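Here is the structure we will look at, set down as structure tokens.
The values are calculated or read from the model by the stated rules, or taken from the named source; none is laboratory data. Fair warning: this is a prediction, and the values are worked out from it, not measured in the lab. Positions of Cβ are generated from backbone atoms using ideal geometry, with glycine treated the same way; all protein chains shown enter the neighbour counts. Calculation scope for accessible area: heavy atoms of the full protein, side chains included, ligands and nucleic acids excluded. Shrake-Rupley method; radii C 1.70, N 1.55, O 1.52, S 1.80 Å.
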Amino acid sequence: MSTALTARLADIAAQAEVSEATASRVLNGRPGVAAATRQRVLAAVDLLGYERPARVRQRSAGLVGLVIPELTNPIFPAFAQVIEQCLSGYGYTPVLGTRMLGGATEDELVGQLVERDVSGIIFLSGLHADLTADPARYTRLAARGVPFVLINGYNADVSAPFVSPDDRVAAALAVNHLRQLGHRRIGLAVGPDRFVPTRRKVEGFRRAVAEAPGDITPAIRHSLFTVEGGHAAAGALLEEGCTGLVCGSDLMALGAVRAARERGAAVPDEVSVVGYDDSELNAFTDPPLTTVRQPVRAMADAAVGALLEPMGGSPMADTEFVFQPELVVRGSTAQAPPP
């Protein structure tokens, strides 16, 4: 075996957390390997960017559509990557449809996917999360016999499986972190009120403030889930004297940091900022961003699992699977400045 092949095998075995002998048996199509282990090795091959050997390639079990918002927010491609890996592990070929300003709408993307005879569709932060959108589009999709799962944004008028982070808990984690650092004027910079995740974050924020010991002055500003939106909302909150800012997305948090610096306030010495979502880039921002992490891997696995059931012939579940977020403390939060 050549040095290059040996190195590649070692990489695959390490990624899959199996022995090189086990990885070799899988790649050579030999028996004696548990199905779950085999899938782990093949997923490692895909993750590392290697091509699967012809002897272990399987014919696609079918196409599965993934409809997501624009790709500029790192959380959306992060979800897409994990979902696509999970689908590939089950033999399905993912088909990505991206909603962009001036581009295809969600309904147009769904029409194209249905024309391609997809086995199911996963929606991430789609129109189901917008309380002003007509939920009947999902009823019509179900009537066409297309199973689907909805991530981020529960809607009681849609009968389908939902996968959500606990946005109320997420906001509370951020508020309690800032309170423990001594902040008493805490603001929430969050997206438009028509979105379910926004309303849940607001509910969690208000509840955490109400339940907090001591006198905390809250403030809330709605804007867009973008750097510019965070900049605008944070600017208004800073004018009200807030020293601790909870943001509805990491992009908003980056805008909040910029707004503070434009006013001559140091982050975190004078203003603390907490984001929401988390990506690998957050450790390299200036300062590294404290944030509330969405459990992307667990949510993606649950979404794919919930979709496989109706694709296999079982009735489509009508429930919401809620996952707990995690506070990740980095360098954008610190003790509150003296009054």
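On the basis of being modelled with pLDDT under 95, assigned to a loop (DSSP other than H, G, I, E, B) and surrounded by fewer than 17 Cβ atoms within 10 Å (Cβ to Cβ), does Pro213 make the cut? Taking the combined requirement at face value, the residue satisfies it. In contact with a Lys or Arg (Cβ under 9 Å, 6 or more places away or on another chain) and not assigned by the TED database to the domain that holds Leu42: does that describe Thr139? So Thr139 fails the test. The set of residues in the stretch 96-110 being surrounded by 15 or more Cβ atoms within 10 Å (Cβ to Cβ) and modelled with pLDDT under 90 consists of Arg99, Ala104.
Number of residues in the stretch 116-139 that are charged (D, E, K, R) and at pLDDT 95 or above: the value is 3. The residues in the stretch 230-248 that are closer than 14 Å to Lys201 by Cβ and either in contact with a Pro (Cβ under 6 Å, 6 or more places away or on another chain) or not in a loop (DSSP other than H, G, I, E, B) (or both) can be counted, and the count is 5. Annotation: Val169 fulfils all but one of (1) assigned to a helix (DSSP H, G or I); (2) open to solvent by less than 10 Å² (accessible area, probe 1.4 Å); the unmet one is (2).
Of the strands (runs of 3 or more DSSP E) lying entirely inside the stretch 249-339, the ones with 3 or more residues being open to solvent by less than 20 Å² (accessible area, probe 1.4 Å) and in contact with a strand residue (DSSP E or B) (Cβ under 8 Å, 6 or more places away or on another chain) are found at 272-277, 290-293. Looking only at the stretch 134-149, decide whether some residue is open to solvent by less than 20 Å² (accessible area, probe 1.4 Å), closer than 20 Å to Ala78 by Cβ, in contact with a strand residue (DSSP E or B) (Cβ under 8 Å, 6 or more places away or on another chain) and not small (Gly, Ala, Ser). Yes, the stretch 134-149 contains at least one residue that is open to solvent by less than 20 Å² (accessible area, probe 1.4 Å), closer than 20 Å to Ala78 by Cβ, in contact with a strand residue (DSSP E or B) (Cβ under 8 Å, 6 or more places away or on another chain) and not small (Gly, Ala, Ser).
Under the condition of being out of contact with any Ser or Thr (no Cβ under 8 Å at 6 or more places or on another chain) and of a type in the set (D, E, K, R), the residues counted in the stretch 269-306 number 6.
The stretch 41-129 holds strands (runs of 3 or more DSSP E) entirely within its bounds, and those carrying 3 or more residues that are under 23 Å from Thr139 (Cβ atoms) map to 62-68, 120-124. Taking the criterion of being closer than 21 Å to Asp130 by Cα and either over 22 Å from the mean Cα position of the chain (by Cα) or open to solvent by 70 Å² or more (accessible area, probe 1.4 Å) (or both), the residues of the stretch 172-205 that qualify are Asp193, Arg194, Arg199, Glu203. Regarding Leu238, is this residue buried (at least 18 other Cβ atoms within 10 Å of the Cβ) and aliphatic (A, V, I, L, M)? Answer is yes for this residue.
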